[in-house]
Amino acid sequence: MTANGTPYLDFARDEWASLRAATPMTLTAEDVDRIKGINVELSVPEVEAIYLPLSRLLNLYVRASQQLFTVTDTFLGKPSERVPYVIGIAGSVAVGKSTIARILQELLKTWPDHPRVDLVTTDGFLYPNALLEARGIMDRKGFPESFDRRSLLRFVESLKSGASPLEAPIYSHQAYDVVPDRRREIDQPDIVILEGLNVLQGGGPGSFVSDYFDFSIYVDADPADIETWYIDRFLTLRDTAFRQPDAYFHRYSDLSDADATAEAHRIWKEINEVNLYENILHTRDRATLILEKGSDHGVERVRLRRR
């Protein structure tokens, strides 16, 4: 572990893995295969080395937060309203943050102090495609202006006010659009994981979603590696989900390998890479913890902000 004169403690992979201590592995190989995303390499040893220590750390933070509520109860002389512990996970398209969010959800809910763990993705807070097209910003989907940031902020504010139940909008990756008139209920969770591209944005006047996070994670990798992962995922989707007649990207299903690779490269360069450099990457140092991935999706270093 090193400090390097930064606000972060820097752990090599083996150093971080040793902090698992006696935390038991609660997921099977079948669980890990079920949870991992398309073209994301994830193994039981990776979960044991990286995500078990992280679940242990988060459990300690959540327990400390719960104890603080007890202190508040004593001061007030009456029970205060418990509010969920909110964890934000940010990073580029195709970096694997959704898989990490699902892994942490599964691991955290096995701890006895907080069995109710909900996962919410910010995709549901995107404006509908019809509105994006009307505004002429369909090619900037995923950029900050394509999200209903007021609704997302109200949702997180309500979470941290103790309001329950709440409803979160649902997004369909098959339709590539928000599902109209459908919501999922979030009812008295102990922990909420909020995963999305831009959740760590801050600065400037007014409130930001990140202001309400108790803990935040940035998933980092070399942009060249992320581009490779994006193209590999695109090719896999071409052969699977895109083949469904109702898929938004069905038009890509008959592309040759060369044409599909060229199209994925174009989308990455014109949209996703631009969003990464303009809006996402500069939020990295706002995170409580940074996971630095190598080219094989394995986490090579962990940086933990000093509290």
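Bear in mind that the values in this text are calculations on the coordinates, not laboratory data. What you see is a predicted model, and the numbers here were worked out from it, not measured in a lab. Cβ sites come from the backbone with ideal geometry, for glycine too, and all protein chains shown count toward neighbours.
Considering only ALA101, SER253, THR72, and ranking their Cα positions along the charge dipole of segment 8-305 that arises from unit charges at the beta-carbon of Lys, Arg, Asp and Glu, the one farthest toward the positive end is THR72.
How big, on average over all directions, is the shadow cast by the Cα convex hull of segment 183-256, in nm²?
Computing the convex hull of the Cα atoms and averaging its projections yields 8.7 nm².
Selection among LEU57, LEU19, SER207 by position relative to the dipole of the chain gives SER207 as farthest towards the positive end (Cβ unit charges, Cα centre). Relative contact order of segment 227-285, taken over Cα pairs closer than 8 Å and 6 or more residues apart, is 33 percent.
Using unit Cβ charges (K, R positive; D, E negative) and no other charged atoms, how large, in debye to the nearest 20, is the dipole of the chain about its Cα centre?
1000 debye
Here the label points at ASP232 and ASP181, each 7 Å from Cα along the C-beta direction, are separated by 4.2 nm in the simple model.
Model label points for ARG284 and SER256, set 7 angstrom from Cα along the Cα-to-Cβ axis, are 3.7 nm apart.
Here the Karplus curve 6.51 cos²θ - 1.76 cosθ + 1.60, taken at θ = phi - 60°, turns the phi angles of segment 37-42 into couplings of x, 5, 6, 9, 6, 8 Hz, with x standing for Gly and Pro.
Remark on LEU126: its backbone amide H falls under 5 Å from those of ASP148, a criterion applied only to residues 5 or more positions apart or on other chains, H modelled at 1.01 Å from N. For ASP177, the amide hydrogen comes within under 5 Å of the amide hydrogens of SER172, counting only partners 5 or more places away or on other chains and with H modelled in the peptide plane. Under the shape rule built on the C-alpha gyration tensor, where the axes satisfy a ≥ b ≥ c, segment 169-307 is oblate, since a/c reaches at least 1.5 while a/b does not exceed b/c. Put in line by how crowded their Cβ is, counting other Cβ atoms within 10 Å and starting with the fewest, TRP111, TRP229 read TRP111, TRP229.
Which number do you get for Rg(Cα) / (2.2 N^0.38 Å) in the chain?
In units of the globular-protein estimate, the chain measures up at 1.02.
Reported value for segment 81-158: 100 Å³ per residue, from the convex hull of its C-alpha atoms.
Quick one: which of LYS160/LYS293; LYS36/LYS293; LYS109/LYS293 span more than 22 angstrom between C-alpha atoms? Checking Cα-Cα distances, LYS160/LYS293; LYS109/LYS293 exceed 22 Å. As a rough footprinting exposure proxy, the listed residues THR6, THR261 were ranked by other beta carbons within 10 Å of their own, and the order from fewest upward is THR6, THR261. Here the label points at ASP139 and GLN188, each 7 Å from Cα along the C-beta direction, are separated by 5.1 nm in the simple model. Between ILE137, ILE103, ILE217, the GNM of the chain built on Cα springs shorter than 10 angstrom shows ILE137 fluctuating the most. Remark: relative contact order (the chain) = 25 percent; criterion is Cα-Cα distance under 8 angstrom and separation of 6 or more residues.
For a quick check: sort ASP232, ASP73, ASP118 by the number of other beta carbons within 10 angstrom, fewest at the front.
ASP73, ASP232, ASP118
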